[in-house]
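Structure in structure tokens, see below.
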Amino acid sequence: MSQHKKVPITVAHGDGIGPEIMEATLHILEKAGAALDIEKIDIGEKVYLSGHLSGIAPESWDSLRRTKVFLKAPITTPQGGGFKSLNVTTRKALGLYANIRPCISYHPYVATKHPVMDVVIVRENEEDLYAGIEHQQTDEVTQCLKLISKPGTEKIIRFAFEYAVAYGRKKVTCFTKDNIMKITDGLFHKMFDEIGAEYPQIEKEHWIVDIGAAKLADTPEIFDVIVMPNLYGDILSDVAAQITGSVGLGGSANIGDGCAMFEAIHGSAPRRAGQNLANPSGLLLGAIQMLVYIGQSDVAEKVHNAWLRTLEDGIHTYDLYKENVSKEKVGTKEFAAAIVARLGQHPQSLTPVSYAGGQKTIEVKLKPTKEQKKELIGVDVFLHEKDRNPNHLGEKIKNIKAGNMHFSMVTNRGIKVYPNGLPETFCTDHWRCRFKSEEYKPSTYADVMEILKQVNALGLDIIKTENLYTFDGEPAFSAGQGQ
Ligand code: NAD
């Protein structure tokens with residue numbers, strides 16, 4: 001019997017393969033002596049289709065806010081229909097800013113092209129393109145807002161370094177695309193450099209995400225901890241888990257201040273559902289991280305070592321099974337039973353896991369954001385205009401001005417098309433017209449409204465505006481391509 005006091009947790013069985021892998025996981029935890037007081041909630045497809053657009057009923061939040069620990073199986077997000085991703089909503093609503101995804105290979109017991117791999121992906125979990133702010137603006141053009149904030153970035157980067165220190169990791173790598181997105185990804189990279197300087201004992205490096213991803217897929221052994229904005233982290237943690245042998249091997253912890261959610265990296269794999277096929281390892285490894293988090297490290301260690309021993313004994317689900325490497329192909333339930341039968345055993349060749357240190361509390365303290373001198377110096381006015389000739393639009397608006405703001409240029413999908421555009425440039429029905437003070441002289445919002453009044457008087461279809469600012473005298477907006 002466990003000497004632990006029962007800890008309340010919220011559990012959701014999810015969709016697709018979710019219920020099968022959750023049952024397998026809970027069965028193993030119970031047999032290992034985890035002391036859990038389980039509150040079940042329904043999430044996912046059924047809840048979406050019953051009219052809750054975020055896939056969770058309001059009363060389920062009460063359970064999550066009470067237990068503050070969520071073990072969640074994957075769910076299916078229905079396409080279209082205004083449905084919002086429950087995963088993203090839960091992570092954001094509970095402030096689970098850090099998503100930790102260890103991706104480890106188990107050579108020679110699990111077939112992989114990368115025998116030496118022990119990478120922890122620390123994915124920013126709350127912002128980036130996952131803010132979910134999307135619009136269709138014209139017949140032809142849609143947009144998604146990419147938000148990268150200073151506190152959001154500072155939190156995740158500090159977390160990555162603190163994690164590296166707590167778990168004896170040597171290097172933290174950052175992936176961004178700041179050669180293109182100089183302001184948003186540029187902020188992430190800049191803060192990585194600034195915060196990294198506070199950790200002289202940790203090796204640091206930055207890769208542009210495209211070559212970084214290629215290196216990760218080719219030579220994962222050169223990486224240790226990798227910190228990334230949300231989208232890159234989402235994509236590359238699937239890649240990293242898959243190249244260890246199967247995406248089904250990846251577990252994930254979503255950590256916030258006082259709340260946490262544990263899950264598998266993968267989704268609900270609907271094609272595999274209901275056939276006793278799925279590998280429960282991802283969710284089980286998430287649950288092991290949960291046991292450590294709630295102070296049941298001894299149980300976590302017991303489960304983890306029994307799981308390693310099962311892999312080592314060649315008892316594999318279909319996704320891991322390889323002739324000459326595996327010994328027995330088993331279903332979800334049989335795999336769980338094999339782990340239960342090995343509780344108390346250690347792997348003989350793979351390194352046994354020790355959670356002797358228990359949970360390492362990672363505290364992230366933010367520095368207050370420095371206020372900068374912000375000055376309004378212009379405005380981008382976005383138009384829906386069917387006439388594809390940029391010269392017609394440019395000639396119409398080139399004399400518009402108000403205060404210090406004058407017409408500057410027209411772009412189409414970011415490339416300058418007036419004045420002096422190239423006739424070869426393909427134009428859509430979505431135009432950006434920039435009005436600004438060339439010398440960055442300050443303007444007022446009344447000037448913006450005056451500009452809009454003049455544009456509107458020409459019968460043009462204004463779809464949105466974006467103010468142009470300088471911060472401490474430096475322009476805080478991108479130039480037009482070809483400008
Ligand atoms: P997926 O991760 O569900 O599955 C892709 C493929 O990976 C499967 O067809 C299967 O071959 C393999 N696979 C995944 N998990 C496995 C396991 N445990 N054992 C063995 N093989 C496994 O990705 P998908 O098909 O793109 O997405 C299906 C649904 O899952 C979508 O509705 C998506 O929105 C959702 N999803 C949910 C989560 C989540 O709840 N956290 C995450 C990602 C995707």
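Any chance segment 379-387 includes a residue that's surrounded by fewer than 17 Cβ atoms within 10 Å (Cβ to Cβ) and modelled with pLDDT of 95 or more?
In the first step, residues of segment 379-387 are kept if they are surrounded by fewer than 17 Cβ atoms within 10 Å (Cβ to Cβ); the result is 386-387.
So of that shortlist, the ones also modelled with pLDDT of 95 or more come out as 386-387.
Yes, some residue in segment 379-387 is surrounded by fewer than 17 Cβ atoms within 10 Å (Cβ to Cβ) and modelled with pLDDT of 95 or more.
Here are some residues: Thr411, Thr428. Which one is assigned by TED's automatic domain parsing to the domain that holds Lys464, in a loop (DSSP other than H, G, I, E, B) and of a type in the set (Val, Ile, Thr)?
Thr428
While we're on this one: Of these, Asp224, Asp234, which one is surrounded by fewer than 24 Cβ atoms within 10 Å (Cβ to Cβ), within 13 Å of the ligand (Cβ to nearest atom) and in contact (Cβ under 8 Å) with a residue 60 or more places away in the chain? Give the derivation first.
On the way: Asp224 fails: within 13 Å of the ligand (Cβ to nearest atom).
From the options Asp224, Asp234, the qualifying one is Asp234.
State yes or no: is His107 part of a strand (DSSP E or B), more than 16 Å from the ligand (Cβ to nearest atom) and not assigned by TED's automatic domain parsing to the domain that holds Ile288? Spell out how you get there, then give the answer.
Values: part of a strand (DSSP E or B): no; more than 16 Å from the ligand (Cβ to nearest atom): yes; not assigned by TED's automatic domain parsing to the domain that holds Ile288: yes.
Spelling it out, it is not the case that His107 is part of a strand (DSSP E or B), more than 16 Å from the ligand (Cβ to nearest atom) and not assigned by TED's automatic domain parsing to the domain that holds Ile288.
Let me ask something else. Considering each residue of segment 131-157, count those that are touching a Cys at 6+ places or on another chain (Cβ under 9 Å) and closer than 29 Å to Asp193 by Cα, and give that number. If you could, list the steps in order and put the result at the bottom.
Of all residues in segment 131-157, those touching a Cys at 6+ places or on another chain (Cβ under 9 Å) come to 131-135, 157.
Now restrict to residues that are closer than 29 Å to Asp193 by Cα: 131-133, 157.
Total satisfying the criteria: 4.
Among the residues of segment 261-288, what is the count of those that are more than 10 Å from the ligand (Cβ to nearest atom) and surrounded by fewer than 21 Cβ atoms within 10 Å (Cβ to Cβ)?
Selection size over segment 261-288: 3.
Based on this model, can you work out whether Ala34 counts as in contact with a Leu (Cβ under 7 Å, 6 or more places away or on another chain), modelled with pLDDT of 90 or more and more than 16 Å from the ligand (Cβ to nearest atom)?
Working: in contact with a Leu (Cβ under 7 Å, 6 or more places away or on another chain): yes; modelled with pLDDT of 90 or more: yes; more than 16 Å from the ligand (Cβ to nearest atom): yes.
So Ala34 fits the description; yes.
Residue check, Lys333 against (1) closer than 29 Å to Leu86 by Cα; (2) crowded, with 20+ Cβ neighbours inside 10 Å, all met but one. Which one?
Against the list (1) closer than 29 Å to Leu86 by Cα; (2) crowded, with 20+ Cβ neighbours inside 10 Å, Lys333 comes up short only on (2).
Are there any pairs with C-beta distances below 8 angstrom linking a residue in segment 316-328 that is more than 24 Å from His266 (Cα to Cα) to a residue that is open to solvent by less than 70 Å² (accessible area, probe 1.4 Å) and more than 11 Å from the ligand (Cβ to nearest atom), with the two at least 6 apart or on different chains, and if so which?
Pairs found: Lys327/Asp313; Lys327/Gly314; Lys327/Ile315.
Note down all Cβ pairs under 8 Å where the first residue falls in segment 195-206 and is under 15 Å from Phe175 (Cα atoms), the second is open to solvent by less than 20 Å² (accessible area, probe 1.4 Å) and in a loop (DSSP other than H, G, I, E, B), and they're at least six residues apart or on different chains.
Gly196/Ile202
Please find, among Ile183, Ile235, Ile265, Ile222, the residue that is among the β-branched types (Val, Ile, Thr) and in the same structural domain as Val88 (by TED's automatic domain parsing). Don't jump to the end; show me each part of the working.
Working: Ile183 fails: in the same structural domain as Val88 (by TED's automatic domain parsing); Ile235 fails: in the same structural domain as Val88 (by TED's automatic domain parsing); Ile222 fails: in the same structural domain as Val88 (by TED's automatic domain parsing).
Going through Ile183, Ile235, Ile265, Ile222 in turn, just one is among the β-branched types (Val, Ile, Thr) and in the same structural domain as Val88 (by TED's automatic domain parsing): Ile265.
When you go through Glu438, Glu450 one by one, which is the residue that is surrounded by 14 or more Cβ atoms within 10 Å (Cβ to Cβ) and either more than 36 Å from the chain's Cα centre (by Cα) or at positive phi (or both)?
Working: Glu438 fails: surrounded by 14 or more Cβ atoms within 10 Å (Cβ to Cβ).
When all the criteria are applied, what remains is Glu450.
Is segment 241-256 home to any residue that is in the same structural domain as Val7 (by TED's automatic domain parsing), more than 10 Å from the ligand (Cβ to nearest atom) and within 19 Å of His27 (Cα to Cα)?
Checked against the condition, which is being in the same structural domain as Val7 (by TED's automatic domain parsing), more than 10 Å from the ligand (Cβ to nearest atom) and within 19 Å of His27 (Cα to Cα), segment 241-256 yields at least one hit.
Could you run through segment 306-319 and say how many residues are in contact with a strand residue (DSSP E or B) (Cβ under 9 Å, 6 or more places away or on another chain) and either within 7 Å of the ligand (Cβ to nearest atom) or not charged (D, E, K, R) (or both)? Show your work before the answer.
Pass one, segment 306-319, residues in contact with a strand residue (DSSP E or B) (Cβ under 9 Å, 6 or more places away or on another chain): 310, 313-318.
Okay, now just the ones that are also either within 7 Å of the ligand (Cβ to nearest atom) or not charged (D, E, K, R) (or both), so 310, 314-318.
Residues meeting the conditions: 6.
Listed residues Val299, Val292, Val303, Val340; which is within 30 Å of Pro151 (Cβ to Cβ), assigned by TED's automatic domain parsing to the domain that holds Thr76, more than 16 Å from the ligand (Cβ to nearest atom) and not in a loop (DSSP other than H, G, I, E, B)? Give the steps one after another, and end with the answer.
Details: Val299 fails: within 30 Å of Pro151 (Cβ to Cβ); Val303 fails: within 30 Å of Pro151 (Cβ to Cβ); Val340 fails: within 30 Å of Pro151 (Cβ to Cβ).
Within the list Val299, Val292, Val303, Val340, the selection yields Val292.
Name every residue in segment 244-272 that is part of a helix (DSSP H, G or I) and under 27 Å from Lys360 (Cβ atoms), in order of residue number. It would help to see each step written out before you state the result.
First, pick out the residues of segment 244-272 that are part of a helix (DSSP H, G or I): 247-249, 270-272.
Of everything in segment 244-272, those that are part of a helix (DSSP H, G or I) and under 27 Å from Lys360 (Cβ atoms) turn out to be Val247, Gly248, Leu249.
Could you check segment 398-427 and list, in sequence order, the residues that are surrounded by fewer than 19 Cβ atoms within 10 Å (Cβ to Cβ) and out of contact with any strand residue (DSSP E or B) (no Cβ under 6 Å at 6 or more places or on another chain)?
Once the filter is applied, which keeps residues that are surrounded by fewer than 19 Cβ atoms within 10 Å (Cβ to Cβ) and out of contact with any strand residue (DSSP E or B) (no Cβ under 6 Å at 6 or more places or on another chain), segment 398-427 yields Asn399, Lys401, Gly403, His406, Arg413, Pro419, Asn420, Leu422, Pro423, Glu424, Phe426.
May I ask you to list the residues in segment 355-378 that are surrounded by 11 or more Cβ atoms within 10 Å (Cβ to Cβ), at pLDDT below 95 and polar (S, T, N, Q)?
Gln359
Mind checking which residues of segment 237-255 are open to solvent by less than 10 Å² (accessible area, probe 1.4 Å) and either among the small types (Gly, Ala, Ser) or free of Cβ contacts under 8 Å to residues at least 24 places away in the same chain (or both)?
Across segment 237-255, the qualifying residues are Ser237, Ala240, Ala241, Ser246, Gly248, Gly250, Gly251, Ser252, Ala253.
Which pairs turn up if I take residues in segment 472-483 that are outside the structural domain of Asp178 (by TED's automatic domain parsing) and look for partners that are small (Gly, Ala, Ser) with beta carbon separation below 7 Å, at least 6 apart in sequence or on another chain?
Close Cβ pairs satisfying both conditions: Gly480/Gly414; Gln481/Gly414.
Looking for something open to solvent by less than 10 Å² (accessible area, probe 1.4 Å) and over 30 Å from Phe426 (Cβ atoms) - is there at least one such residue anywhere in segment 124-142? Show your work before the answer.
Here is the first cut: in segment 124-142, the residues open to solvent by less than 10 Å² (accessible area, probe 1.4 Å) are 124-125, 128, 138.
Okay, now just the ones that are also over 30 Å from Phe426 (Cβ atoms), so 124-125.
There is at least one residue in segment 124-142 that is open to solvent by less than 10 Å² (accessible area, probe 1.4 Å) and over 30 Å from Phe426 (Cβ atoms).
The values are calculated or read from the model by the stated rules, or taken from the named source; none is laboratory data. Treat the numbers as computed from the prediction; the structure is a model and nothing was measured. Don't worry about glycine lacking a Cβ; one is built from the backbone with ideal geometry, like all the others, and counts go over all protein chains shown. Areas reflect the complete protein model, heavy atoms only, side chains present, ligands, DNA and RNA absent. Shrake-Rupley method; radii C 1.70, N 1.55, O 1.52, S 1.80 Å.
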